[in-house]
Amino acid sequence: MQLFYDATLSATDTVFSFDKEESKHIVKVLRKKDGDILFVTNGLGYLFTTQITLASEKNCTVQITDVELQKPLAYQLHLAVAPTKMNDRFEWFLEKATEIGLSEITPILCDHAERKHINLDRFEKVMVSAMKQSNQCYLPKIHPLTPFTAFVKEVRAGQIFVAHCEETERYSLKSKLNLNQQTTILIGPEGDFSSAEIQLALAQNYQPVTLGNTRLRTETAALAACHSVSFIHQ
């Protein structure tokens, strides 16, 4: 199944037109024509079955013939991750984490930050592409860059973890994960969280965890955490 995306679609729509860029891609590149079937999602769980009524490169129009609300993930995972110095590494994480499955991502600004500015629109495009490629109908929500202190001081339901590398008491993440609970995991920059940040997280009742015996890059650690939560729900 080839999946298309448009955030403006609602479950009550009966007719829909793609924007100029997507219309050109559908008609000129994919060579779709009148009568062909297209599958579209709005990223909110809905899968729309549509049929092309006007195969125009400027305004490809479809009739919606069926709407289904897809089953969501069995878990809610929120990853708060320090952006990497190289954008492509963080985008790689966003792509793979979206494919595996999670609910929310918050880039966090830490004491040892490698990057203090992000392109949120670019990040969302990467996630949309990954959602479409993996045939999912739920687009994870990505938040603006948020200071670490502001993030950890917000009250959060469910399990909350801080993954760090300090030689203090820590637990294996997999030993602490529970099924069907909201889960939030903090992943620091290449230089790790500062001692002050770790102490602040612990004071806010975050559980200290380790992701293994080796020192991982930020994007690897974040993806390992994402897969761990996904794996226990298989």
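The values are calculated or read from the model by the stated rules, or taken from the named source; none is laboratory data. In this text, all values refer to a predicted model and were calculated from it rather than measured experimentally. Positions of Cβ are backbone-derived with ideal geometry, glycine not excepted, and every protein chain shown enters the neighbour counts. Note: accessible area is taken over every heavy atom of the protein model, side chains too, but ligands, DNA and RNA are not part of it. Shrake-Rupley method; radii C 1.70, N 1.55, O 1.52, S 1.80 Å.
Observations, loosely collected:
- Gain on full stretching of the segment that runs from Asp36 to Ser172 - 0.36 nm per residue minus C-alpha separation: 43.9 nm
- If the convex hull is drawn through the Cα atoms of the chain, its volume per residue in Å³: 128 Å³
- For Thr184, nonlocal amide neighbours, meaning residues 5 or more places apart or on other chains whose placed amide H falls under 5 Å from its own, are His78, Gln159, Ile160, Phe161.
- Cα shape, segment 141-234, gyration tensor, a/c 1.5 rule: rounded
- Electrostatic dipole magnitude of the chain [Cβ: Lys, Arg +1; Asp, Glu -1; Cα centre; debye, to 20]: 240 debye
- Rg to Rh quotient for segment 85-177, alpha carbon positions, Kirkwood Rh: 0.98
- Nearby lysines by direct alpha-carbon distance to Lys85 (threshold 23 angstrom, same-chain neighbours under 8 apart not counted): Lys96, Lys116, Lys125, Lys141
- Straight-line cross-link partners of Lys32 among the aspartates and glutamates, defined as a Cα under 20 Å from its Cα and at least 8 positions apart when in the same chain: Asp6, Asp19, Glu21, Glu22, Glu57, Asp66.
- Most to least packed among 7-13, 84-90, 94-100 [average Cβ atoms within 10 Å]: 94-100, 84-90, 7-13
- With θ taken as phi - 60° and the Karplus curve 6.51 cos²θ - 1.76 cosθ + 1.60 applied, the whole-hertz 3J(HN,Hα) list for segment 137-154 is 10, 10, 8, x, 8, 10, 9, x, 4, 10, x, 3, 4, 5, 5, 6, 7, 6 Hz, x standing for glycine and proline.
- Accessible area of the chain divided out per residue, in Å², using a probe of 1.4 angstrom: 52 Å²
- Fraction of accessible area attributable to carbon and sulfur, the chain (%, probe 1.4 Å): 48 percent
- Share antiparallel - DSSP beta bridges, segment 1-119, percent rounded to 5: 70 percent
- Rounded to the nearest 20, the size of the Cβ-charge dipole of segment 123-228 about its Cα centre is 420 debye, with Lys and Arg at +1 and Asp and Glu at -1.
- In terms of packing, defined here as the mean over residues of other Cβ atoms within 10 angstrom, the peptides 159-165, 208-214 line up highest first as 159-165, 208-214.
- Value of relative contact order over segment 80-124, rounded to a whole percent, pairs C-alpha under 8 Å and six or more apart: 56 percent
- Once Rg and the Kirkwood radius are both taken over the C-alpha atoms of segment 134-180, their ratio Rg/Rh works out to 1.03.
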